[in-house]
Structure formats: structure tokens, C-alpha cells
Protein chains: 2
Amino acid sequence: MTTIAVFGHKKPDTDAIVSAIVMTYWLNQQGIDAKSYRLDDINQETKFLMELAKVRLPELLTHLEPDQPAALVDHNESQQSIANLADAHICYLVDHHKLGDLTTAEPAYIRFEPVGSTSTILYQMLKERNLLISQQMATLMAGAIISDTLNLTGPTTTDSDKQALQAVIHLAGIHDINSFANQLFDAKSNISDLTDDALVTTDYKQFIFSNKKWAIASIETVKPDVVLSRIEGIQQASELIRQRDGLDYMLVIIVDILKQQSWAVGSNDAQNEIIEQAFNTRLNDKLLDLGNLVSRKKQFVPTLEAFYAQ
Amino acid sequence: MTTIAVFGHKKPDTDAIVSAIVMTYWLNQQGIDAKSYRLDDINQETKFLMELAKVRLPELLTHLEPDQPAALVDHNESQQSIANLADAHICYLVDHHKLGDLTTAEPAYIRFEPVGSTSTILYQMLKERNLLISQQMATLMAGAIISDTLNLTGPTTTDSDKQALQAVIHLAGIHDINSFANQLFDAKSNISDLTDDALVTTDYKQFIFSNKKWAIASIETVKPDVVLSRIEGIQQASELIRQRDGLDYMLVIIVDILKQQSWAVGSNDAQNEIIEQAFNTRLNDKLLDLGNLVSRKKQFVPTLEAFYAQ
């Protein structure tokens, strides 16, 4: 049997990388041949977590073979996946985002739950099959759940995330969750080595709203001042990315993880007006104050979809 | 909170009706307000099973309110669902077919497994939540698994179906599976009261293959001679349905459940040629011998998709 390629979305965050590793483990433990991959470089937070858990980084995957069996985790929109996804035979799909444009040629194993992280679903899948969860796997899942739910404070957090995090924290032997979370957030907020382009594209996803091609970049930080001091560079990089990727609109959202508030930076006047209307806010010195909204999946994307549906 | 409407596909078979009832039970047992519905009349097999289990038939649903929360079971292609599905807010989706054209506006709870019946997945979901399975629910699930897997002999049958059926047969207090299965199949094969139109549309699903609008009707029977004796009426009804529903092609497949073999009836010469090529068979006195193929989901649809993909 051909090995199943397991991978998360492009521009991977911690949950995308961890989900690929844990999904591979779930398959392997059931005797199914599978290997985890990443579609891009990882961010500083993920790097910190992988080193802490002493788990090897998945190999880079740039192209699928024709009819390659594939397991997609933490994404299901084709524009967020590998370029030649259409060549793949998708046999597994585990995600916590809305159901997008993907179809499968044959019945597949699919698990979506409206929870804060894909790792929460994978934790449940491991439990259902009574599979052993090693300290390494538990450490990775703890980091991914904390990362995606902003340590259980974000609006996507559910009871399932709380239960899963409590369980994996215990299995990982982590005694102080908040200290562990702060280490992750500090690593994520360490942007001094990043170019403006890298800062904007580290967590970057494309969407189609009513035929308009959008990208929404999210910069989550515990040091918003550091990010805001680079606002002109961010805006310039954003406009270059917009042109390079053939986008109509490119939005950068800066999220203060600790205070749970955010600001958006639009790429031009037309877009700023859309954001003003959709989010009932006003442009103020390049920034659009988005108040206490922080979740792309649960807040920014649905608000824009509702705006375009009018 | 608004009640969630739970329903299976149009032209419901036993698994579509049972899945809606069991999914509703799964939701209700967790304190979630939900009610099961059917989109059309039920077939003789389902009627027999509902009476045996002493479960009331779900009400007919013809239209969804705007933003109606909905749980879809045993289907996920919009053309197999309620007409104004686009108005619904889909929050649950449990199925064992390929992933089709559906999207959701927000993250939803989705469970697909490549198993023989949706009831098998629902059995696992009940077990995962440690929910009580009553004798009534077990009887319904036993009937649905037997119906969809042709009593575990069909090509879609998996170990999960076998395990689920064994468990629910026990819970239902059914001592002789084969006798129970034969009662279901006899009920399904009792077509004397059906008009040719009803015979053809009892289990009828539409598909799009490369922009061509197809319908594939399946007549599963333990008495193929009775069905074959009505072949001219079937062909006439089929052509009328093709015109009425604006289809390019209408295919009727007659499946001998016991001998595990099938014959197809095409609606015109062009379609007969497609079937001859796709299935490597020859037209013989109105019938296309499909050998031991019996599954629309696993065999007929994938073969036609592969043919059109050439």
C-alpha cells in the first residue's frame, strides 16, 4: 500500500504541524502506513514546541504524486492546501474550520468539530481507539490547543478543548499551564528576526468572498507595541503580497493575545471602507480598531461573509 | 434555541429514515433540541421495520425556514436534499458517501466514515458518548445496517458494520439475523402495489458527471424475475422521469440481493453506449449485464466518474 501523506495548511501554525504529526501517529498505531509533512516553514512558536517535545520536524512537501493517498488536517479549502491537491486521493480529513470547496472521489474518513483546535479532535480520536498517548504527543497537543485557543481564552474555546487540554497537560507532565503558555506566546511574539514580508505571511490564509479574492493575515502577539511600531513596513509588505498573489484585498490583523483585542490594516481605501462597514468601525491613523474580536475563523471570516451576502 | 431539523435524503431508504431518528435521539440525549423528518414517502421495507420497532414515522418536511438549524444524515449532495437547503444553517452532517458539493457557513460537527451504513457511524457515536441504546433504536439500526450492506454481503461492508450489527442485534433481542434480514428483503421486494413510476423512483438519486445530469435508480430485490417481467413499464416510466426532471441520462439498476448480481436499463442508445464502454458490457434485449456489481456508491458512481474523467 502506498504511504498516506499527512499535512496541514500552507503557512502552518502550531496546530497545523502538530495535527499532522498526531494524525500520522493515530494512523500508524492502527497499522496504517502514513508519514507527516509540512507545506512551508514553521513559525517561532512551533519551533520552540518541537524542540521542547524533542520531536523531529516533518519534511517539506511541495508536490503530490498522481493518486497519492492523502490525509488533510486543520484545513479543507483547496487554496490553503498543496498546489496540486486535485491529483490526490483524499482518504482522511480532520478539521475544525467551516466546510469549504473540497470534494472526494470516494467515501472518506472525515471528522469536523466546531472546537478550538484540530488537536482537540485528534485527542478524542486517540481516546476512542484506546491508543497510548506518549509524553511527546501530549506535549505537542498541549501546545497546539493553547496556541489555537489563546490558552482557552479565545472565542472558539469549547468544553471539549478544556477537557482535552487538561488531559494532555497531565500526560505531558506540565505542572504550570500558564508558564508553559507564556513561553509559547513569547516565542510567537519574537519577531525581531522576521522581515516585514515574513511577519505578514507567517499566518496567512486566502478566502473567496463573493468572487473577491481576499487574504487575511493574523499576527498574534503578547507585545503589540513591537508589531505596531512596524506598521509602515507591514503595510508596504502587504501591498506587495497583494500584487504578487493576485488578490483583490489583503487584510492584516494584529491580535493582542493577553488583552484580547485587535486592529486591522487594510491595503487600500476601498478595503478600509468595507472593513468600516462590515465591522462598524472607523479608520484612525492607518488602523481599524476591531475591539475585542480575535478569531479569524469564528469572527473575521463570518463577518465578511455576512457583509458580502447582503 | 430553535429546534434542529434532522433529515436524510430525498426518496429515503431505510438507512436515511433510521439515521434521522437515531441522530435526533443522539442530540436529544445530550439535551439538544432536535426533531427528525423525512423528505418523501418511505418504502415497504422501512414501513415494515418501523412497525416492527413500534417507532412513529417522522413527519414530512417540504421546506426549511430561513436560517433553520439542520442536521443532514446519510447524504451530503445538495441535489439529494431538500430544495431550499441553501437557506439552512447546517450544524451537523453524518454520512458514509463521498464528500460532495456542500459547504457550511461556520464550523460544524461532521462525521463521515467509509462504512456500509450511516447507522454504523451513529452506533459508534452513541457508544462514544456512553448513551443508552434502547431496544427500539437497536432494532432500527439493525434493520438499516442489514438493508444498506445487503446483510453484510455487499461490497461496502466493513468490519465496523459487522461489529455494529452484532451489537445492535444483541440489544434488539433478535435471535435469528438471517430470518430478520429475509423479512426486510421480502418487504422491499413486494412491489405489486407500486406503479412503474413508484418502482423506479423509490430509490433514486441524481448526480452530476462532467456537467451531465444523471439519475441512477436502484431496485434491490430478492425476486428479480418479478422486476424483470415489468421491464417495458420500467423503461417507459424511466423516460418520462428523465424528461420531467430535465436529466441527460436516467439509469435504472436492478439488483438481485441474494445472488449479488445486477442489470442496468438505459434510457436511450447514447446512454447504453456509455454503459457498455464504462462497464465493459454489451446490450442484450434491453438489459446491460453488470455482473456482480451491486453498489451505486462504491461501484456504479465511481465507474461513471472514472469514465467521464478520461
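The values are calculated or read from the model by the stated rules, or taken from the named source; none is laboratory data. This one's a predicted model, so the numbers in the text were calculated from it and none came from an experiment. Because the Cβ atoms are built from the backbone with ideal geometry, glycine has one as well, and the counts that use them run over all protein chains shown.
Annotations
Yes or no, residue by residue, for (1) outside any strand (DSSP E or B); (2) touching a strand residue (DSSP E or B) at 6+ places or on another chain (Cβ under 7 Å); (3) polar (S, T, N, Q):
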| position | (1), (2), (3) |
| --- | --- |
| A:Asn28 | yes, yes, yes |
| A:Ile42 | yes, no, no |
| A:Ala70 | no, yes, no |
| A:Glu106 | yes, no, no |
| A:Arg111 | no, yes, no |
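- If the condition is being in contact with a helix residue (DSSP H, G or I) (Cβ under 9 Å, 6 or more places away or on another chain) and either acidic (Asp, Glu) or away from chain B (no Cβ under 13 Å) (or both), then segment A:74-84 contributes only A:Asp74.
- Qualifying residues in segment B:88-102 (those that are facing chain A (nearest Cβ under 7 Å) and of a type in the set (A, V, I, L, M)) - the one surrounded by the fewest Cβ atoms within 10 Å (Cβ to Cβ): B:Leu102
- B:Ala105 among the aliphatic types (A, V, I, L, M) and either more than 7 Å from chain A (Cβ to nearest Cβ) or within 14 Å of A:Ile110 (Cβ to Cβ) (or both): no
- Of everything listed in (1) out of contact with any Gly (no Cβ under 9 Å at 6 or more places or on another chain); (2) in contact (Cβ under 8 Å) with a residue 60 or more places away in the chain; (3) within 12 Å of chain B (Cβ to nearest Cβ), the single unmet condition for A:Thr156 is (1).
- Exclusive hit being more than 14 Å from chain B (Cβ to nearest Cβ) and either farther than 21 Å from A:Gly154 by Cβ or crowded, with 21+ Cβ neighbours inside 10 Å (or both), set A:Ala215, A:Ala309: A:Ala215
- Count of segment B:170-191 residues, restricted to those that are outside any helix (DSSP H, G or I), without any contact (Cβ under 8 Å) to a residue 40 or more places away in the chain and not hydrophobic (A, V, I, L, M, F, W, C), is 3.
- Selection of segment B:196-214 for residues being part of a strand (DSSP E or B) and either charged (D, E, K, R) or within 18 Å of B:Ala16 (Cα to Cα) (or both) yields B:Tyr204, B:Lys205, B:Gln206, B:Phe207, B:Lys212, B:Lys213.
- Filter pass, B:Ala71 being within 25 Å of B:Thr2 (Cα to Cα) and within 12 Å of another protein chain (Cβ to nearest Cβ): no
- Test for B:Asp203: is it closer than 26 Å to B:Asn151 by Cα, of a type in the set (Asp, Glu) and under 20 Å from the mean Cα position of the chain (by Cα): yes
- Being crowded, with 24+ Cβ neighbours inside 10 Å and modelled with pLDDT of 95 or more is a property that does not hold for A:Ile32.
- Once segment A:44-56 is narrowed to residues that are outside any helix (DSSP H, G or I) and in contact (Cβ under 8 Å) with a residue 24 or more places away in the chain, the residue that is farthest from A:Pro12 (Cα to Cα) is A:Lys54.
- Flag for B:Ala20 being in contact with a Gly (Cβ under 6 Å, 6 or more places away or on another chain) and not charged (D, E, K, R): yes
- Restricting attention to segment A:95-133, the residues that are hydroxyl-bearing (Ser, Thr, Tyr) and at pLDDT below 95 total 2.
- Pairing residues of segment A:91-104 that are closer than 11 Å to A:Val73 by Cβ with residues that are aliphatic (A, V, I, L, M) and assigned to a loop (DSSP other than H, G, I, E, B), at Cβ distances under 7 Å and at least 6 apart in sequence or on separate chains, gives A:Tyr92/A:Ala108; A:Leu93/A:Ala108; A:His96/A:Val115.
- Within segment B:206-235, residues that are among the aromatic types (Phe, Trp, Tyr) have Cβ atoms under 6 Å from residues that are at pLDDT below 95 and surrounded by fewer than 18 Cβ atoms within 10 Å (Cβ to Cβ) in these pairs: B:Phe209/B:Tyr308, counting only partners at least 6 apart in sequence or on another chain.
- Selection status of A:Gln236, closer than 29 Å to B:Ala105 by Cβ and surrounded by fewer than 16 Cβ atoms within 10 Å (Cβ to Cβ): no
- The one condition from (1) more than 14 Å from chain B (Cβ to nearest Cβ); (2) of a type in the set (A, V, I, L, M, F, W, C); (3) in a helix (DSSP H, G or I); (4) within 21 Å of the chain's Cα centre (by Cα) that A:Ala167 does not meet is (4).
- Of all residues in segment B:113-149 being within 11 Å of chain A (Cβ to nearest Cβ) and in a loop (DSSP other than H, G, I, E, B), the one that is farthest from B:Asn182 (Cα to Cα): B:Arg129
- The set of residues in segment A:53-87 being over 21 Å from A:Gln206 (Cα atoms), out of contact with any Leu (no Cβ under 9 Å at 6 or more places or on another chain) and surrounded by fewer than 21 Cβ atoms within 10 Å (Cβ to Cβ) consists of A:Lys54, A:Arg56, A:Leu57, A:Glu59, A:Glu65, A:Pro66, A:Asp67, A:Gln68, A:Pro69.
- Taken over segment B:280-310, the criterion of being among the aliphatic types (A, V, I, L, M), part of a helix (DSSP H, G or I) and within 16 Å of B:Asp148 (Cβ to Cβ) is satisfied by B:Val301 alone.
- Options A:Ile82, A:Ile17: the member that is assigned to a helix (DSSP H, G or I) and on the phi < 0 side of the Ramachandran plot: A:Ile17
- Selection within segment B:265-308: residues that are touching a strand residue (DSSP E or B) at 6+ places or on another chain (Cβ under 7 Å) and of a type in the set (Val, Ile, Thr). The member of this set that is nearest to A:Ala105 (Cα to Cα) is B:Val301.
Matching residues to (1) more than 20 Å from the chain's Cα centre (by Cα); (2) assigned to a helix (DSSP H, G or I); (3) at pLDDT below 95:
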| position | (1), (2), (3) |
| --- | --- |
| B:Ile219 | no, no, no |
| B:Val227 | no, yes, no |
| B:Gln235 | yes, yes, yes |
| B:Glu239 | yes, yes, yes |
| B:Ile253 | no, no, no |
| B:Ser262 | no, no, no |
| B:Ala270 | yes, yes, yes |
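- Residues satisfying the stated conditions in segment A:151-162, i.e. modelled with pLDDT of 95 or more and within 15 Å of the chain's Cα centre (by Cα): A:Asn151, A:Thr157
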